[in-house]
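Student: I have a structure I would like to understand better, so I am pasting it below and will then ask my questions one at a time.
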Amino acid sequence: MNIDIRLLTFLFHTIPECMACSLFVFAYTDNLNHWKKGLALGFLFALITFLMRLLPIIQGLHTLLLFFVFTFLLYIFIDIKFFSIVKISFLGFLIMALGEVISFTILINSFDLTHDQMVNSVFWLIILALFQVFLFGMVILVIIRKNKYFFNSIWE
Amino acid sequence: MTWKKNRHLKLSEFIFITQFFTVVLIIAVIIALLDPIDKLLVIAGNDITDFFRPILLFTMFLILFVVFLLIEKVYKNAKYRKIFLMKSTYINIFIIAIVAVIVNITIEQKYFIEMFFIMPVLTISLTHGLKLAMITALFFSSNLLLKNILGIGDYSLDLYFVIIYSCILFLVAWLTGSFSEQEKETIGDLESKVNIDELTGLSNHRHFHETLADIYNNKGSNEVCLIYGDLDNFKYYNDTFGHTKGDQVLKKVGEIIAEETPHDCIAARYGGDEFTIILPGYSVEQADIIGNNIKHKLKEEKFLGEEQMLHGEIGISFGISSSSFNCINSPLELIEIADSNLYREKGSQLRVSN
């Protein structure tokens, strides 16, 4: 992937996706009133993701490392128990992965695409990001509506 | 001590999770080295290739999540947590060994897994301080350098990479290790300022109550004794010779009590001229012997001008209570009974002298 595509991907795929994930965590921890902080965290995480993807490390480890980075960033940004932070970032990444499974299944079947075609095209990556943002938005909406039940029954 | 316990718990959680991440990364590298994905794809056929990656990602996080929940459940059990904290050194050595083995058997530079060296350095610096962190960094740096000199693998590691990476390792070790030691030192200073009575060098009132509650609540079937002492004629001494001389008496009494108190017990200045000794695992008879020793030693000690005192020389009276007494159900009752026994003894002394 050349650098132009990488930059476009960073702007229209990574940043919205990371910001949505970060806002989800803020909503889950009942910190949505600090949404600006959430967006800043999302941007920082997107930047680290962009840089991390450039590292020539073993295939498949990027995502794991990003998960750890995200956990430590949350630890810095949100003042809750470390164990809860790990669980919440697990949940964020699970939703992201689930979003990818659903969107890949729909798009591959509907438009007769291959995995490589999708991940190398900026257009499809933007579509993927939109889907992720939509999914996170839905989850945030549910959390806002049923905050008490979600937050208290599962984690606390 | 709540703040100290909280800090300890937070730090141990941080170390535990860092170690968990390290182990997960090690497992991930082993899986990547074995390369089972291609083998699976061959078995399953190429039809699923497009769906395989996202599903694999999702499954991986799901499994990790479940494993983490299970580990958390085990860790939150006080018994297992204690074992984990006690064996922290062995866990660190195990992680260092595994990381060293993995990095050394992965002979191709493209994997870039030398970055794993930073995790043990980080945990060691947090748990064991600067010196051991530096030794760990030195171990890993020399490992990289040896790899470079011997030229292990398809091609040797870039020397610049080895130098820069070694510098990073030392920097991390130095920064986190120094910070951790500095924090330990500051906490030690604060602790002594918060818990120690400046005049006598014994524990202060606050620390006494906290320790007694802690010992009493965790005593199990063991007996806990409490000696409650009060200086005789100290008020008159103070009034006659002034508070500076009175302070010298208190200081000397503190020294005597500290000398006579066994190492596993806690002596404290309760307030004014009142002293207490917590004796975990001691019987009333043993407590009585300790009290009498202090009395005798104090009797031998001559304070300036005490022979001129009309009310008699400075002495000490003790009251003893034990958790084995039927009427005692709380640390507060332990103090109350010892206190009432002390005044009974004081009363009997007064009757004798009258």
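Student: Select the helices (runs of 4 or more DSSP H) contained entirely in the range B:1-116, then report the ones holding at least 2 residues which are at pLDDT 75 or above and within 11 Å of chain A (Cβ to nearest Cβ). Spell out how you get there, then give the answer.
Tutor: Details: elements: B:2-34, B:36-44, B:49-76, B:78-86, B:88-105.
Output list reads B:2-34, B:49-76.
Student: I would also like to ask the following. Within the range B:241-255, does at least one residue satisfy the condition of being surrounded by 15 or more Cβ atoms within 10 Å (Cβ to Cβ), assigned to a loop (DSSP other than H, G, I, E, B) and not acidic (Asp, Glu)?
Tutor: no
Conditions (1) free of Cβ contacts under 8 Å to residues at least 60 places away in the same chain; (2) in a helix (DSSP H, G or I), marked per residue:
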residue: B:161; (1), (2): yes, yes
residue: B:169; (1), (2): yes, yes
residue: B:175; (1), (2): yes, yes
residue: B:178; (1), (2): yes, yes
residue: B:184; (1), (2): yes, yes
residue: B:198; (1), (2): yes, no
residue: B:201; (1), (2): yes, no
residue: B:206; (1), (2): yes, yes
residue: B:219; (1), (2): no, no
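Student: For the range A:1-93, please list each of the helices (runs of 4 or more DSSP H) lying entirely inside it that holds at least 3 residues being over 27 Å from residue B:10 (Cβ atoms) and within 14 Å of another protein chain (Cβ to nearest Cβ). Give the steps one after another, and end with the answer.
Tutor: Working: elements: A:3-9, A:15-28, A:35-54, A:61-77.
Per the criteria, A:35-54, A:61-77.
Student: May I ask you to say which residue of B:348, B:324 is more than 24 Å from residue B:240 (Cβ to Cβ), of a type outside the set (Lys, Arg), part of a helix (DSSP H, G or I) and at pLDDT below 90? Show your work before the answer.
Tutor: Numbers: B:324 fails: part of a helix (DSSP H, G or I).
Step by step, each of B:348, B:324 is checked, and only B:348 is more than 24 Å from residue B:240 (Cβ to Cβ), of a type outside the set (Lys, Arg), part of a helix (DSSP H, G or I) and at pLDDT below 90.
Student: Moving on. Identify, by number, the condition in (1) at pLDDT below 90; (2) more than 30 Å from residue B:272 (Cβ to Cβ); (3) more than 18 Å from the chain's Cα centre (by Cα); (4) not hydrophobic (A, V, I, L, M, F, W, C) that residue B:217 doesn't meet.
Tutor: Looking at each condition in turn, residue B:217 falls short on (2).
Student: Being of a type in the set (Ser, Thr, Tyr) and either over 13 Å from residue A:132 (Cβ atoms) or more than 10 Å from chain B (Cβ to nearest Cβ) (or both) is the filter here; which residues of the range A:94-110 pass it?
Tutor: Of the range A:94-110, the ones of a type in the set (Ser, Thr, Tyr) are A:103, A:105, A:110.
Within the range A:94-110, A:105, A:110 meet the criteria.
Results for (1) of a type outside the set (Val, Ile, Thr); (2) surrounded by 18 or more Cβ atoms within 10 Å (Cβ to Cβ), shown as yes or no for each residue.
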residue	(1), (2)
A:13	yes, yes
A:16	yes, yes
A:21	yes, yes
A:37	yes, no
A:88	no, yes
A:92	yes, yes
A:103	yes, yes
A:106	no, no
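Student: Report the residue count in the range B:220-232 for those that are in contact with a strand residue (DSSP E or B) (Cβ under 7 Å, 6 or more places away or on another chain) and either of a type outside the set (Val, Ile, Thr) or exposed (fewer than 15 other Cβ atoms within 10 Å of the Cβ) (or both). Outline the logic, then answer.
Tutor: Quick first cut of the range B:220-232, residues in contact with a strand residue (DSSP E or B) (Cβ under 7 Å, 6 or more places away or on another chain) only: B:222-232.
In the following step, the residues that additionally are either of a type outside the set (Val, Ile, Thr) or exposed (fewer than 15 other Cβ atoms within 10 Å of the Cβ) (or both) were identified as B:222-223, B:225-226, B:228-232.
Residues flagged as in contact with a strand residue (DSSP E or B) (Cβ under 7 Å, 6 or more places away or on another chain) and either of a type outside the set (Val, Ile, Thr) or exposed (fewer than 15 other Cβ atoms within 10 Å of the Cβ) (or both) within the range B:220-232 amount to 9.
Student: Quick check: is even one residue across the range B:263-276 surrounded by fewer than 19 Cβ atoms within 10 Å (Cβ to Cβ), at pLDDT 90 or above and part of a helix (DSSP H, G or I)?
Tutor: Taking every residue of the range B:263-276 in turn, none turns out to be surrounded by fewer than 19 Cβ atoms within 10 Å (Cβ to Cβ), at pLDDT 90 or above and part of a helix (DSSP H, G or I).
The values are calculated or read from the model by the stated rules, or taken from the named source; none is laboratory data. Remember, predicted model here, so these are calculated numbers, not experimental data. Backbone-built Cβ (ideal geometry, glycine too); neighbour counts: all protein chains shown.
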